[in-house]
Amino acid sequence: MSQSIKEFLYGFLFLISAFSYSIYFILYSGLNLPENGILFKIYSVTLTFLILIIFVSDFNKLPLQERNNCILISCGVVFLFFITRLIYNEPNELYNTYFFSMGVRFIPAILCGVIMLKEENALSYMEKALLPFVSIYTIVLASVIFNANANSNMVLTYNVEGGMNYQTLSYYSVFSFGLTLYLLVNSSFSKLVNFFLFIISFIQIVMALMTGSRGAFVLAIIIVAYYIFNHFSIKKAVLISSLVILISYIFFMNFENGYLLDMGISRIMNFWSDSSAIEQDSRWIRWNLAWNAFEESPIWGNGIGSVFYKVGFYSHNIFTDLLCEGGILLTGVCIYILFRFLVKIKYLISCDRKFELILIIFLCSFVNILFSGYYLSETGIWLSFMYILGYKSDCK
């Protein structure tokens, strides 16, 4: 195998590891695969074993401290998660589901972060694979969203077989938009490729608005704001953004299902303009349940995975999950890790703009678990933490 192909495959694997959950469901729906939970388990276990095989085969080449930390963290989290089941001593299907999810997403993500540390040019490998990755991701995602059966509300329209809904579709659209922006800003392509990227960025914005997730809307604002303040003048950025949104709106409103774009935008805006919408959001109930559980054991929490016993589901916010499960102690540790990560990645970006790719991966994952998702079944955030906090290099 030539070195160039090897580098491309490594880059593609790193990207798949960072977005493993979304990739499966996008391909599942886009390719109309038969509805069968076995396929998801096969995909997840296969990816996990592939990363584990690479980790073991390169064991002696991996940085010693980070390798050992990875093993200790993996074993520690599995042990603590399992102990919670013994404490409550009662069956809980969601607990079992997310125990498996943690094993095939959290653990492979931190293993992959350490593998990336072995590769001096890991970010260059990811850049090589990023254009085909984003193209496939966007095209298949668009086939799902634009072929949805239009209905009277978002839930019925985008209730896709296999597990995706309007919220996940909206988040995935913004994920692809963030990666496309990175390519437009940081990579040197031909005018034709740049034009293609500009076109799919239009499509990604429209898909995010059509599917109407408020959390995804916040993520899009954060990503755009980052690029405005770091790469463009505010005046130019506002002009371009306004133009893109206006043209996208006019263009897609002319489609047969154009009213879906209006419906998605209305749902996003309703949350901010209608104060009662916040109070009626089911997340408030889960946040309150998680907070009540935290008050029962504020220092140590109720155990890793206990949110599925105390709340009945994850609480749709990483910090209320952390408070419920690990109290002030675990929450404090995670905030410290987050602070260290942000300080270091800011420094590394000042050395090499390629580290912005890790920032985008982190933001996609972190903002998602601020509003939805369970922190130990996420991948991007843990891969980012492991890679950046273990990276040893000074600006040259």
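The values are calculated or read from the model by the stated rules, or taken from the named source; none is laboratory data. Nothing here was measured: the structure is a model prediction, and the numbers come from that model. Cβ coordinates were reconstructed from backbone atoms using ideal geometry, including for glycine residues, and neighbour counts include every protein chain displayed.
Based on what the data block shows, is residue 248 touching a helix residue (DSSP H, G or I) at 6+ places or on another chain (Cβ under 7 Å), assigned to a helix (DSSP H, G or I), at pLDDT 85 or above and hydroxyl-bearing (Ser, Thr, Tyr)?
For residue 248, the condition - touching a helix residue (DSSP H, G or I) at 6+ places or on another chain (Cβ under 7 Å), assigned to a helix (DSSP H, G or I), at pLDDT 85 or above and hydroxyl-bearing (Ser, Thr, Tyr) - is not met.
Can you confirm whether residue 354 is under 18 Å from residue 69 (Cβ atoms) and charged (D, E, K, R)?
No.
Among the residues of region 180-223, which ones are of a type in the set (Val, Ile, Thr), more than 20 Å from residue 15 (Cα to Cα) and surrounded by 18 or more Cβ atoms within 10 Å (Cβ to Cβ)?
203, 205, 206, 211
From the list 383, 342, 338, 329, which one is crowded, with 16+ Cβ neighbours inside 10 Å and either within 26 Å of residue 300 (Cα to Cα) or not acidic (Asp, Glu) (or both)?
Matching residue, one of 383, 342, 338, 329: 383.
Any residue in region 346-365 that is among the basic types (Lys, Arg), farther than 22 Å from residue 11 by Cα and surrounded by fewer than 16 Cβ atoms within 10 Å (Cβ to Cβ)?
yes
Residue 373 fails exactly one of the following numbered conditions: (1) assigned to a helix (DSSP H, G or I); (2) within 22 Å of residue 77 (Cβ to Cβ). What is the number of that condition?
Only one criterion is unmet by residue 373, namely (1).
Working only within region 312-324, note down all residues that are without any contact (Cβ under 8 Å) to a residue 60 or more places away in the chain and either surrounded by fewer than 24 Cβ atoms within 10 Å (Cβ to Cβ) or within 17 Å of residue 378 (Cα to Cα) (or both).
Matches in region 312-324: 315, 316, 317, 318, 319, 320, 321, 322.
Do we have residue 391 as on the phi < 0 side of the Ramachandran plot, among the aromatic types (Phe, Trp, Tyr) and either surrounded by fewer than 16 Cβ atoms within 10 Å (Cβ to Cβ) or out of contact with any helix residue (DSSP H, G or I) (no Cβ under 8 Å at 6 or more places or on another chain) (or both) here?
no
Out of region 162-179, which residues are surrounded by fewer than 20 Cβ atoms within 10 Å (Cβ to Cβ) and in contact (Cβ under 8 Å) with a residue 60 or more places away in the chain?
162, 163
Could you tell me whether region 347-358 includes any residue that is among the β-branched types (Val, Ile, Thr), part of a helix (DSSP H, G or I), touching a Ser or Thr at 6+ places or on another chain (Cβ under 8 Å) and more than 25 Å from residue 86 (Cα to Cα)?
Scanning region 347-358 turns up at least one residue that is among the β-branched types (Val, Ile, Thr), part of a helix (DSSP H, G or I), touching a Ser or Thr at 6+ places or on another chain (Cβ under 8 Å) and more than 25 Å from residue 86 (Cα to Cα).
Looking only at region 156-180, how many residues end up being in contact with a helix residue (DSSP H, G or I) (Cβ under 9 Å, 6 or more places away or on another chain) and modelled with pLDDT under 90?
Final tally of qualifying residues: 14.
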